[in-house]
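What follows is one structure encoded as structure tokens, with my remarks underneath.
The values are calculated or read from the model by the stated rules, or taken from the named source; none is laboratory data. Model, not experiment: these values are computed from the prediction. Quick reminder, even Gly has a Cβ in these numbers, built from the backbone with ideal geometry, and neighbours come from all protein chains shown.
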Amino acid sequence: MDDQEIATLRKLMEYEASRTSPPAEFPQLPDLPGGRYTDERFLELEKQHLWRKSWLLAAHIDEIPEPGCFILWEQAGQPIVVVHSETGNINAFYNTCRHRGAPVVTESSGKKIRLTCKYHGWTYNHEGELLSVRDPEDFSDLDFSCRSLKSVRCEMFGNLIFVNFDENAMSLMDWLGPIATEWKEFQFDKCRLAARHVFDLDCNWKIAMEANTEVYHVKNIHPTTVAPILDDRRNVNSFYPNGHGRMIAPRPEKMKGIMQQRNPDVAEFETVGEIGRTCTQSYGIFPNWVSPLSPYALPPLLFWPNGINKSRLETWTFAPDWGEGRKPDMWTENDGEKLIQVLLEDTEFGAWIQKSVESYGFSGVPLSYQEARIYYWHQSADKMIGTDNIPPELRVPAVIGDDWVFPNDPRLNYIC
Ligand code: FES
Ligand SMILES: [Fe+2]
């Protein structure tokens, strides 16, 4: 982030603190239909479109560091094996033998010279090519070249491995767009995997994610944990192409000196600039990633559906190399035993809210200007699903126009 961008952000923070209403240009946000959290038809639309067409974080290179290493990845509901090939490529395939569909790996991770199906022994290399079958003389016209493991798009951003089920999807770099440039200072190409855990939640996955997509709740839910270190009235929300969003909120005035003190025991990405060091800078990457980024950790939270009213929260911590035997975990205590206090607070009402949205008494969700990133997420989801594919009572009108999407921002008219 250059000096000009930093100066603009600081002015936008003061604008947000001083305004007495939403910006005049900001659209009225219609209520979100409650059925988006309860209707099996919407869950199916998400499955067919969101999870099928988006780039999804699947793994970190530390999980498959050498040729032959593989990891089984099924969070998106598809059986996928991600393999580090002897060619150096990182490949993703359906874990589905091209004979009768048995898995080519059954372990959650490991290292194999070949991927050999245990059912009848068909053998593939790390590029997915079928190398041999048992008793080939018993097949007539078996064309090996047509029986490779079915591949899935797989691209890397730094050390992170993303998967996309859509063969025609834009590249991962295009998907991230201007965020890829903003993230250079966080050195995703140097980050190590420090922690990864999964927790079950009793609510729709979007209810869980939305608790991490606004700061409106901070004073109520986090009075002693987050509120003292985040000035919610100076928060600046931004919308990015493809449904992504960003929030940047400074420390409260009285905390500034304290928070800028450096801990010499903690490794940092030296390249992180002033905003990353003095503010909470958090990104929502469509559809399911929320991550505050800092000099000492890049810790995405990923939210996955597990049916209409259950979800999984996957907590990751990427970090600079802290040295032998020292791995930070930003989200859990005792190596995944329980969520940290802040996340316990964020997830506290999930099951209650799920009961409410399923009740006869729930009609819809009115969102404030502060919560507009949630609305932008929903209208972006509908764009990907295709409005005509969505039952009318579940649709969200696209009222946030491109004039609000980065680099456009009508609030710039209010600062000088
Ligand atoms: S199902 Fe894999 S070899 Fe038969
Ligand atoms: Fe929170």
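Kindly indicate whether residue 323 is of a type in the set (Gly, Ala, Ser), surrounded by fewer than 18 Cβ atoms within 10 Å (Cβ to Cβ) and at pLDDT below 95.
When the stated conditions are applied, residue 323 passes them.
I need the full set of residues from segment 124-155 which are closer than 30 Å to residue 55 by Cβ and of a type in the set (D, E, K, R), in order please.
Passing the criteria: 127, 129, 147, 150, 153, 155.
Are any of the residues in segment 178-189 assigned to a helix (DSSP H, G or I), free of Cβ contacts under 8 Å to residues at least 60 places away in the same chain and either touching a Lys or Arg at 6+ places or on another chain (Cβ under 9 Å) or within 23 Å of residue 88 (Cβ to Cβ) (or both)? Please lay out each step first, then the result.
Of the residues in segment 178-189, the ones assigned to a helix (DSSP H, G or I) are 178-186.
Subset that is free of Cβ contacts under 8 Å to residues at least 60 places away in the same chain: 180-181.
Narrowing further to those that are either touching a Lys or Arg at 6+ places or on another chain (Cβ under 9 Å) or within 23 Å of residue 88 (Cβ to Cβ) (or both): 180.
Among the residues of segment 178-189, at least one is assigned to a helix (DSSP H, G or I), free of Cβ contacts under 8 Å to residues at least 60 places away in the same chain and either touching a Lys or Arg at 6+ places or on another chain (Cβ under 9 Å) or within 23 Å of residue 88 (Cβ to Cβ) (or both), which makes the answer yes.
I'm trying to understand the selection: among the residues of segment 72-109, which are on the phi > 0 side of the Ramachandran plot and either within 16 Å of ligand 2 (Cβ to nearest atom) or touching a residue at least 12 places away in the same chain (Cβ under 8 Å) (or both)?
Those that are on the phi > 0 side of the Ramachandran plot and either within 16 Å of ligand 2 (Cβ to nearest atom) or touching a residue at least 12 places away in the same chain (Cβ under 8 Å) (or both): 77, 88.
Kindly establish whether residue 109 is in contact with a Phe, Trp or Tyr (Cβ under 7 Å, 6 or more places away or on another chain) and among the hydroxyl-bearing types (Ser, Thr, Tyr).
Considered against the rule, which asks whether it is in contact with a Phe, Trp or Tyr (Cβ under 7 Å, 6 or more places away or on another chain) and among the hydroxyl-bearing types (Ser, Thr, Tyr), residue 109 comes out as yes.
Any idea which of (1) touching a strand residue (DSSP E or B) at 6+ places or on another chain (Cβ under 6 Å); (2) within 11 Å of ligand 2 (Cβ to nearest atom) is the one residue 210 doesn't satisfy?
(1)
Look through 163, 198 and report the one residue that is touching an Asp or Glu at 6+ places or on another chain (Cβ under 6 Å) and not in a helix (DSSP H, G or I).
Criteria check complete, one pass: 198.
Restricting to segment 280-304, what's the tally of residues that are closer than 13 Å to residue 244 by Cβ and over 8 Å from the mean Cα position of the chain (by Cα)?
2
Sort out for me the strands (runs of 3 or more DSSP E) sitting completely within segment 236-355 that have 3 or more residues that are without any contact (Cβ under 8 Å) to a residue 40 or more places away in the chain, touching a Leu at 6+ places or on another chain (Cβ under 7 Å) and of a type outside the set (S, T, N, Q).
Details: elements: 236-239, 245-250, 279-285, 289-293, 301-305, 311-319.
Filter on segment 236-355 gives an empty set.
As an exercise: evaluate residue 151 against (1) in contact (Cβ under 8 Å) with a residue 24 or more places away in the chain; (2) within 21 Å of residue 71 (Cα to Cα); (3) within 16 Å of ligand 1 (Cβ to nearest atom) and give the number of the one condition it does not meet.
Result: residue 151 fails condition (3) only.
Let me confirm something: among 49, 99, which residue is out of contact with any strand residue (DSSP E or B) (no Cβ under 8 Å at 6 or more places or on another chain), surrounded by 13 or more Cβ atoms within 10 Å (Cβ to Cβ) and not in a loop (DSSP other than H, G, I, E, B)?
Among 49, 99, only 49 is out of contact with any strand residue (DSSP E or B) (no Cβ under 8 Å at 6 or more places or on another chain), surrounded by 13 or more Cβ atoms within 10 Å (Cβ to Cβ) and not in a loop (DSSP other than H, G, I, E, B).
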